[in-house]
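Engineer: Starting off with a structure, shown below.
Read-outs throughout are calculated quantities, based only on the coordinates presented, and are distinct from any laboratory measurement. Just so you know, these numbers come straight off a predicted model, no measurement behind them. Every residue, glycine as well, gets a Cβ built from its backbone with ideal geometry; the counts of neighbours run over all protein chains shown.
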Amino acid sequence: MTDHVLTYMTFFPLAGMVVVLLLPRERHDLVRWASALFTLPPLLLAVWLYRNFDPVNPGLQFVEKAAWIPAYNINYFVAVDGISISMVLLTALLTFLCIFASWGIDKGVKGYFALFLLLDTGMMGVFVALDFFLFYIFWEVMLLPMYFLIGIWGGPRREYAAIKFFLYTLFGSVLMLLAILALYFSSEPHTFDMTQLIAQSSRYGTTPLHFWPFDHLRWGFQHVVWMALFIGFAIKIPAFPFHTWLPDAHVEAPTAISVILAGILLKMGAYGILRINYPMLPEATADLAYYFLGALGTWNIIYGALCAMAQKDFKKLVAYSSVSHMGYVMLGMASFTPQGISGAVLQMFNHGTITGMLFLLVGVIYDRAHHRDIDGFGGLAAVMPVYTGVSVLAFFASMGLPGLSGFISEVLVLLGAWQKYPLLSALGASGVILTAGYLLWTIQRVYLGATNEKYKAMPEINGRELFTLVPLGIIVIILGVYPNALLDLLRASLDQLNQLVIPHLS
Amino acid sequence: MSGDMILFFILASLSVIFSLLVIFPRNVVHSAMALAATLFFVAVLFLTLDAPMLAILQVLVYAGAIMILFLFVIMLLNPAALEGRRIAWWTLGSLAAVALLLELVSLFFYRPSPSGQPPVAAAFGGPETLAQSLFTDFALPFEIASVLLLVAIIGAVALAKREG
Amino acid sequence: METNLAPLLPSAEVVLTALSVLLLDLFIRKDEKGLLVWISLIGLALAGGMALFLWGSHEGAFQDSILLDDFALFFTELFLGAAAITILSSVHYVRETNIHEGEFYALVLLSTFGMILMAAANDLILFFLGLETMSIGVYILTGMWRERSQASEAAMKYFLIGAFATGFLLYGIALIYGAAGSTHLGRIASALGQTKSHGSIILSAGVFLLFVGLAFKVAAVPFHFWVPDVYDGAPTPVSAFMAVAVKAAAFAGWARIFLYQLSPLQSEWTLPLKALAILTMTVGNLLAISQSSVKRMLAYSSIAHAGYLLIALVAGGESGGQALLFYLLSYAAMTFGAFGVLIALKEGENDHEAYSDFAGLGFKRPFLGMAMSLFMLSLAGFPPLAGFTGKFYLFRSAVVAGHIDLAIIGALNSLLSVVYYLRVIVMMYMEEGGAEGKPFARAPYLYLAIAIAVLGTVYLGVLPAPALDLSRISFISLH
């Protein structure tokens, strides 16, 4: 069993999809429970993985490798290391909880859960795949169910949002595919194996290429490939100016899908850069990280926060706050310091849990009031005290209040960045103030003040909803007090990753 | 001037006369008949060139089958409909003729030397050699052509058969 | 004289089946015509079995004018499969439209015979005869739905343009014969080797005309203008047969003639071929976007796919040949599937071919909806489906051969194609109204054909290794 733990984690949901498709169409509850049943084993295995992961070993663990298309040296190759372990844990946790957050779906239930389980396989696959071809396949597999989940079960403008999401991501995928081919043909012997591609990173040339009108940039092959991959990943993060699909997709997607989108899909962009750009193209990373990760990340922080401040729609506000928070991840990654990079990965995990909570909380009141207008509520604290309590916890965590997980990761990022780029770090820190501004203002408008007459009788948050929120809340508190619970796992691999790039920094 | 040459000039001038007769008469059927005669004289020309098979084929296929098709089409269509567009046809026709003339003139002056080619065997182009190769080297294509004809027959039946 | 008839075994079996079908058709009542389907399928299966049995042999017959190698056998199996799927998906269609069943199946079989010859022919005359047998069969199939005027119009158009293309082809063959002194491909190749200078203009002109004639048959831009009307007017199963099998046969000939025998001339036709590939993909995709009928969209998409396949011809070599063969397999599966779903929408007089007819299909007929989504995604090139794997190897072969620009243009084109393929899916799942679609009980054979296409599309995508090996072995056997 333990030999193939990652395969089981990846393909359990796919087996679940087959089972769900075979269940009778009318038995909605049966479909829901079956889905929950098939997402539970990956979660339990994730706990096992957490306990058995060797934090001292910076290399790959739980490796599985089998020939798939031997003629082209394509393998089924999965493993985890410090870069991916936290994402694997997050995926297992959020998908399980989101099954329960989807309980209220009553249109095409079977199709919804089948697609959800397929999405789960795709996401898990992206984080464990170490063969580039396999990685790309999982990356695309995940795109389709997402498109359908937004396009069929979404809000009024679902088609527009779904297509926009799809085309943006697909554009990125094509660039990524071309980059993959470029790397494949530069390796000798040709391979898609990521570890071998990393070992051959010196082959990817940096001699300046001539392509008018960009001659003065002195970009080599490595830089071009880096850029192609970066655009593919930046669309997912989403980094300015590729972020415009995000608010639309979030607003139209059903609650659970928003959680998955913000909690897991956005992380794939940053994960991809760490997993692929950093080790395979270290020289280009060293040359370009400041502009495209550091400066752009800082701009993301401030731009996202300013946009969030201007929103009237609760969900859009959370969506823009994601843009802002992912900026910290980019800034942290660009610093190449132990604090910065582990802060970035920790921020990825924390953003997943905190934003997941925020979207779930918006979902709770949307299900009751059927609108998300921030100004349309007011004084909910008096009507729904438990709900308000959980909300305030999530808001404070998002704001980065000490004692909660968001604080740790943001401080680590800013500390790390300060050593390299004091100006960016200072600007990024000012983002914290903006964040506090819009979040506190929202708390005031929604939860405090006079109670809106319409919602005097709004029912309190129910057991199922609490069940989805409480585990996330607990994790937020634990990681706020004892971040080493996760940081210990990451450190060795991330330090090794830093060491690959640092020699090339000028 | 040898007898061959005299024969050639008689045949050549006859075919030129008849091809002119294809163009000038107002009655289309007359033109067609003149064309048949032209083709026939060309066939005789082939005979004088020791190509009896080609001559027979010329008579069978062109003067026979194709001319019948021509006449069918002429009878099916109303030839008067073509009258109105005489000028367009004349222009097009003369352009093609000029092009052909240019080609011929250029061939006269720029003659590819025949020296590289091996001389043809005496029996070349005769019915025996043709039959020989048709039933040995090209037996398979010959058989397959029968399948091709079968397909065409089925098609004709399928497309023309009356319902019921 | 000892004559080796083994290379003719599968094709003779196909002709025999066609004749049996024709004869039997005369003696059975109208309600017994289902028997003809079974006879055709059994005949095809027998021929397939023979081809399988002969696998691995490498011999020629009739002065090597017809060859028995794995390349020919690969295509034989592909054509036999295509014929079987065409027959399966037309069983209900021909009954609804009063097409004469006996002649219909016989013509499908005889066209298949022509295709098999095209793939096996090592002599231009034989190749030409195979091409004509196939083409005439398909012209007639196009016009067989006589109650519909578009079908007759399409058949007429197809016939005239086909005859035109044939003219090019034949003239090209005549010029090549004039220059090389033989129609036998092997002797043409050796003549090429001996005298490069002599008659090279005539030879080039001949090759060029051959090239144009084949470009008509594979529907490459700018020789594509007949495709939309013909595919649109033809009975849908015949459109699928044309899109897959006729195209594959032309590519088989192209591969044998240009990639192998005339490969010394490669430098002469690489550039025009590359231009043709780029034009074909781009124009096909751009025109497909603006269609409102799914059948026409599929017609344009088949043009675009011809463009992708041309990439493999440009790339050439072992990797190009392998990619070509593999993509033809994948393309066959997904295209038959897409046309199959279109057939399932037909109800009586109404063809239901517009995008709006697909509205809500995903919920009304979940199997058809799921299958069509798979085919559309595969045609657009999504992993892990056949279309992705196929395109991946096509673009890879272009990169191997140094045509990186082709790979990039191809990738951008497949991005473009997503726009119109996705529209079908949007219609099926996000709109309401539209056609009902036949239930399984009313068209079991058709559902079987679609299910086979689904299996093929998924299998070739997820486990491509065996099919890739097969494609490579088949292509290598040319040499």
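Engineer: Yes or no: the stretch C:461-479 includes at least one residue that is more than 30 Å from C:Gly60 (Cα to Cα), out of contact with any helix residue (DSSP H, G or I) (no Cβ under 7 Å at 6 or more places or on another chain), in contact (Cβ under 8 Å) with a residue 24 or more places away in the chain and surrounded by fewer than 23 Cβ atoms within 10 Å (Cβ to Cβ).
Structural biologist: yes
Engineer: Taking the stretch C:114-157, which residues are in a loop (DSSP other than H, G, I, E, B) and charged (D, E, K, R)?
Structural biologist: C:Arg146, C:Glu147, C:Arg148
Engineer: Right, here's the next one. Could you give every pair whose Cβ atoms fall below 9 Å, whose first residue belongs to the stretch C:366-383 and is within 11 Å of another protein chain (Cβ to nearest Cβ), and whose second residue is of a type in the set (Asp, Glu) and outside any helix (DSSP H, G or I), counting only separations of at least 6 or pairs across chains?
Structural biologist: Between residues of the stretch C:366-383 that are within 11 Å of another protein chain (Cβ to nearest Cβ) and residues that are of a type in the set (Asp, Glu) and outside any helix (DSSP H, G or I), there is no close pair.
Engineer: Another question, if that's okay. Restricting the stretch C:1-18 to residues that are within 27 Å of the chain's Cα centre (by Cα) and free of Cβ contacts under 8 Å to residues at least 60 places away in the same chain, which is surrounded by the most Cβ atoms within 10 Å (Cβ to Cβ)?
Structural biologist: Out of the qualifying residues, it is C:Glu13.
Engineer: Might you let me know whether the stretch C:420-437 holds any residue that is within 12 Å of chain A (Cβ to nearest Cβ) and within 23 Å of A:Ala179 (Cβ to Cβ)?
Structural biologist: So far as the stretch C:420-437 goes, no, none of its residues is within 12 Å of chain A (Cβ to nearest Cβ) and within 23 Å of A:Ala179 (Cβ to Cβ).
Engineer: Further, regarding this structure: For the stretch C:327-420, which helices (runs of 4 or more DSSP H) that fit wholly inside it have 3 or more residues that are touching a Gly at 6+ places or on another chain (Cβ under 7 Å) and closer than 25 Å to C:Arg95 by Cβ?
Structural biologist: Result: C:366-380.
Engineer: While we're on this one: Pick out the one residue from C:Leu24, C:Leu80, C:Leu16 that is over 22 Å from C:Gly130 (Cα atoms) and touching a Gly at 6+ places or on another chain (Cβ under 9 Å).
Structural biologist: From the options C:Leu24, C:Leu80, C:Leu16, the qualifying one is C:Leu24.
Engineer: Oh, and also: If C:Ser149 meets every condition in (1) facing chain B (nearest Cβ under 9 Å); (2) over 21 Å from C:Phe475 (Cα atoms) apart from one, which number is that one?
Structural biologist: It fails just one condition, (1).
Engineer: Inspect all residues belonging to the stretch C:357-364 and state whether any of them is free of Cβ contacts under 8 Å to residues at least 60 places away in the same chain, over 23 Å from A:Val141 (Cα atoms), surrounded by fewer than 24 Cβ atoms within 10 Å (Cβ to Cβ) and more than 11 Å from every other protein chain (Cβ to nearest Cβ).
Structural biologist: So far as the stretch C:357-364 goes, no, none of its residues is free of Cβ contacts under 8 Å to residues at least 60 places away in the same chain, over 23 Å from A:Val141 (Cα atoms), surrounded by fewer than 24 Cβ atoms within 10 Å (Cβ to Cβ) and more than 11 Å from every other protein chain (Cβ to nearest Cβ).
Engineer: Return the only residue of C:Leu88, C:Leu109, C:Leu26 being away from chain B (no Cβ under 11 Å), touching a Leu at 6+ places or on another chain (Cβ under 9 Å) and farther than 27 Å from C:Ala189 by Cα.
Structural biologist: After applying the criteria, what remains is C:Leu88.
Engineer: Counting only residues that are facing another protein chain (nearest Cβ under 8 Å) and either touching a residue at least 60 places away in the same chain (Cβ under 8 Å) or not aliphatic (A, V, I, L, M) (or both), how many does the stretch C:396-406 have?
Structural biologist: Total meeting the criteria: 2.
Engineer: Scanning the stretch A:175-192 for residues that are in contact (Cβ under 8 Å) with a residue 40 or more places away in the chain and surrounded by fewer than 19 Cβ atoms within 10 Å (Cβ to Cβ), which turns out nearest to A:Ile152 (Cα to Cα)?
Structural biologist: Only one residue fits best here, namely A:His190.
Engineer: Go through the stretch B:147-164 and give me each residue that's more than 15 Å from C:Phe104 (Cα to Cα) and more than 10 Å from chain C (Cβ to nearest Cβ).
Structural biologist: Once the filter is applied, which keeps residues that are more than 15 Å from C:Phe104 (Cα to Cα) and more than 10 Å from chain C (Cβ to nearest Cβ), the stretch B:147-164 yields B:Arg162, B:Gly164.
Engineer: Continuing with the same structure: Would you be able to say whether some residue in the stretch C:416-426 is surrounded by fewer than 21 Cβ atoms within 10 Å (Cβ to Cβ) and over 22 Å from C:Tyr355 (Cα atoms)?
Structural biologist: Among the residues of the stretch C:416-426, not one is surrounded by fewer than 21 Cβ atoms within 10 Å (Cβ to Cβ) and over 22 Å from C:Tyr355 (Cα atoms), which makes the answer no.
Engineer: Here is a further query. Pull out all pairs, ordered by first then second residue, where Cβ-Cβ is under 8 Å, the residues are six or more apart or on different chains, the first lies in the stretch A:416-439 and is of a type in the set (D, E, K, R), and the second is not in a helix (DSSP H, G or I).
Structural biologist: Here the result reads A:Lys420/A:Ser335; A:Lys420/A:Phe336; A:Lys420/A:Thr337, each pair linking the stretch A:416-439 to a residue that is not in a helix (DSSP H, G or I).
Engineer: Considering every residue within the stretch A:93-112, establish whether at least one is at the interface with another protein chain (Cβ under 10 Å from one of its Cβ atoms), part of a helix (DSSP H, G or I) and over 28 Å from A:Tyr184 (Cα atoms).
Structural biologist: yes
Engineer: Anything in the stretch C:213-232 that is over 26 Å from C:Ile343 (Cα atoms) and either in a helix (DSSP H, G or I) or touching a strand residue (DSSP E or B) at 6+ places or on another chain (Cβ under 7 Å) (or both)? List them, or say none.
Structural biologist: Within the stretch C:213-232, C:Gly213, C:Leu214, C:Ala215, C:Phe216 qualify.
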